[in-house]
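Only one structure is covered here, and it is reproduced in the block below.
Each reported figure results from applying straightforward, stated rules to the coordinates on display, with no laboratory input. Source: prediction; values computed, not measured. A quick note on method: Cβ atoms are made from the backbone with ideal geometry, for glycine too, and the neighbour counts reach across all protein chains shown.
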Amino acid sequence: MTGLRIYEEKKKKSDRASKITYVLAVAAGKGGVGKSTVATCLSLALKNLGLKVGLLDADVYGPSLQQMLPEGLEPAEDQENPETLLPAMTLGIPFISVAHFRKEASIVRAPIANGIIEQFLETVNWGELDVLVVDFPPGTGDIQLTLMQKGEISGAVVVTTPQEVALLDVRKAIQLFGEMSIPVVGVVENMSYLVDEKTGERFAPFGEGGGERLASEFSLPFLGQIPIDRSISRAGDEGKSLWDLAPESVGVAQFSSIGKQVWDSLEKLANTGLQVRQKDPCHIEVGKGDRWVTVSGADLQAKCPCARCEGQTQSDKKEVSILEFSPVGRYAMRFGFSTGCNRGIYPFSLLEIWLEI
Ligand code: ADP
């Protein structure tokens, strides 16, 4: 097994080695709602659509994906580029987890956990991926913020159970994604109901309709319900694919439908013809078709979604130069300013605001 120390020496090199079109966060307000189960099954559903999918278990406090998936190869040194690390491979999905490096993950303190996450983001060579699915830690703490700021997340799927208590936490998670300008592509309700195998009767031990209510409260798409099903927990316990274990199950049908909806949403988030060009050192122009508008560096940075700039208002009188800008995947631009900030990832949906004024 590769040790964490060796891994630390490989920092900061592979972001250029990986070509990832979309990074999808799978998040929940609290643990135990089936977030990792959804992350795994969603990855398999996306793969079954013919997409190249990778899976990153960023749940540093309870990395469970390694047990949920069949044993594959361990992460390995990249022979062609010793600075980077190749992920393990399981069910045809490149996969990496904090559990590959640290068995006692539950006692990792936040700064160390942040460091591990940053290393994951910077040194793993995923090759070419259509979607990298990231299993977020539950809640809304430091690690989630690091992932949101540095993970170049294209969109998020939020998992909840129908219970109100799970919904309270999940609201906070949705709000945090909103504050970081990360679009939530929809809500998945897990453990929605249980069917008595003998009588076919349907029970709802955790209440009904919570996921749908949550989605409508935030005007988000409701992606579907996953029943409580022995084949789903068996797939997790035995490290098997649900598609192999119960191909005809409702779970497979639901996850396949959710995978399709998620992919369609990610594609819709992609740039729809928006262009950015520099006008002068302190201004850019944002355009679509024939319409172009000028945006000052100060105004642009006032909307910077990174945690450092958030909430700070830039004075219009103070000139801010735009030193650099580059596309992030197919859904956003990153800008670097003379004020020192170069972390803000602006989804095209945010930049389009200026075209609507
Ligand atoms: P989380 O990542 O939110 O902590 P997990 O995905 O690890 O939750 O799931 C917790 C437990 O519940 C696991 O044992 C898993 O197999 C089981 N589980 C999750 N969703 C379902 C489901 N729909 N039906 C049956 N068991 C489930």
Legend entry - Modelled FRET efficiency - R0 56 Å, Asn81 with Glu208, Cβ distances, 0.05 increments: 0.60
Inset, instruction - Rounded to whole Å and ordered largest first, report the semi-axes of the equivalent ellipsoid of the range 275-356 derived from its Cα gyration tensor (root of 5λ). - result: 18, 15, 12
Inset, instruction - Please identify the helices of the chain, taking whole runs of DSSP H, that span at least 27 Å along their own axis as judged from the Cα atoms and have a mean Kyte-Doolittle score of 0.0 or higher. - result: 250-269
Inset, instruction - Taking 7 Å along the Cα-to-C-beta vector as the label spot, tell me the Glu179-Phe218 distance in nanometres, rounded to one decimal. - result: 1.3 nm
Legend entry - Compactness of the range 208-258 - radius of gyration and Dmax, Cα, Å: 13.1, 37
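Give me Rg over Rh for the range 76-203, both radii from the alpha carbons and Rh done the Kirkwood way, two decimal places.
Taking Rg over the Kirkwood Rh, I get 1.04.
For the range 4-269, what percent of Cα pairs sit more than 24 Å apart?
44 percent
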Legend entry - Extension gain, Glu267 back to Lys19 (0.36 nm per residue minus Cα-Cα distance, nm): 87.7 nm
Legend entry - Amide H contacts under 5 Å for His283, placed H, 5+ residues apart: Gly297, Ile322
Inset, instruction - Output the pairs from Lys35/Lys303; Lys35/Lys150; Lys172/Lys260; Lys52/Lys150; Lys30/Lys150; Lys172/Lys318 with a Cα-Cα distance over 24 Å in this structure; if there are none, say none. - result: Lys35/Lys303; Lys172/Lys260; Lys172/Lys318
Inset, instruction - Can you work out the PRE-style zone for Arg291? Point 7 Å along Cα to Cβ, and I want the residues of the range 325-357 with backbone N under 20 Å. - result: 332-333, 347-357
Legend entry - Length-normalised contact order for the chain - Cα pairs under 8 Å, 6+ apart - percent: 17 percent
Inset, instruction - Take the Cα atoms of the range 206-357, build their convex hull, and give its volume per residue in Å³. - result: 175 Å³
Inset, instruction - Determine the equivalent ellipsoid of the range 173-249 by diagonalising the alpha-carbon gyration tensor, then write out the semi-axes as square roots of 5 times the eigenvalues, largest first, rounded to whole Å. - result: 28, 17, 9
Legend entry - Using a Förster distance of 22 Å, the FRET efficiency for Glu356-Gln278 (Cβ separation, nearest 0.05): 0.50
Legend entry - CD proxy at 222 nm, helix term only [per DSSP H run n ≥ 4: -39500 (n - 2.57); per residue of the chain; nearest 500]: -9500 deg cm²/dmol
Legend entry - Extension reserve of the Arg308-Asn48 stretch, reckoned as 0.36 nm per residue once the Cα distance is removed: 89.7 nm
Legend entry - Cysteines in the chain lacking a second Cys C-beta under 4.7 Å: Cys41, Cys282, Cys306, Cys341
Legend entry - Within the range 32-59: backbone nitrogen closer than 13 Å to the Val165 label point (7 Å, Cα to C-beta): 32-33
